[in-house]
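For reference, the structure is listed below as structure tokens.
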Amino acid sequence: MKAPADLATIRSMSSRLDKSWLVLASHQTADASRCVDIFSRPNSTFGFEEFRRDPEDMGVWTPVGYYSDREFASEIDAVQAARQSVSWVAQVLDSPR
């Protein structure tokens, strides 16, 4: 798994997530046009969301998968679900660092 992004990056990517959720990791494509955030909630569940960033949106991250309402018992479960649900995630997670 890739290391978490720096705090400023995580905050900008997470602006559409509930403010009480803590982003644990943010994985993005090489061209930085898509990302998936893995997060924890105060109720001890985990989740993920897919975002896109387009020039016409002035670089704002926009949720595209609407997966954030799904709940998982662990971070590992959320990552596995993201691998299965978002076509490009496995390639990003499996690429050499």
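The values are calculated or read from the model by the stated rules, or taken from the named source; none is laboratory data. All values reported here derive from a predicted model rather than from experimental measurement. In this analysis, Cβ positions are derived from the backbone assuming ideal geometry, glycine residues included, and neighbour counts consider all displayed protein chains.
Details
- Pairing residues of region 18-46 that are over 11 Å from V89 (Cα atoms) and among the aliphatic types (A, V, I, L, M) with residues that are at pLDDT 95 or above and surrounded by fewer than 15 Cβ atoms within 10 Å (Cβ to Cβ), at Cβ distances under 6 Å and at least 6 apart in sequence or on separate chains, gives no pairs at all.
- Number of the condition not met by P42 [criteria: (1) surrounded by 13 or more Cβ atoms within 10 Å (Cβ to Cβ); (2) within 17 Å of S20 (Cα to Cα)]: (1)
- Pairs meeting the criteria (first residue in region 63-79 and free of Cβ contacts under 8 Å to residues at least 60 places away in the same chain and farther than 21 Å from Q28 by Cβ, second residue surrounded by 16 or more Cβ atoms within 10 Å (Cβ to Cβ) and of a type in the set (S, T, N, Q), beta carbons under 8 Å, at least 6 apart or on different chains) are E71/T45; A73/T45.
- Of all residues in region 12-39 being hydrophobic (A, V, I, L, M, F, W, C), more than 22 Å from E56 (Cβ to Cβ) and in a loop (DSSP other than H, G, I, E, B), the one that is modelled with the lowest pLDDT: L17
- Among the residues of region 69-97, those identified as part of a helix (DSSP H, G or I) and either more than 14 Å from D37 (Cα to Cα) or hydrophobic (A, V, I, L, M, F, W, C) (or both) are I76, A78, V79, A81, A82, Q84, V89, A90, Q91, V92, L93, D94.
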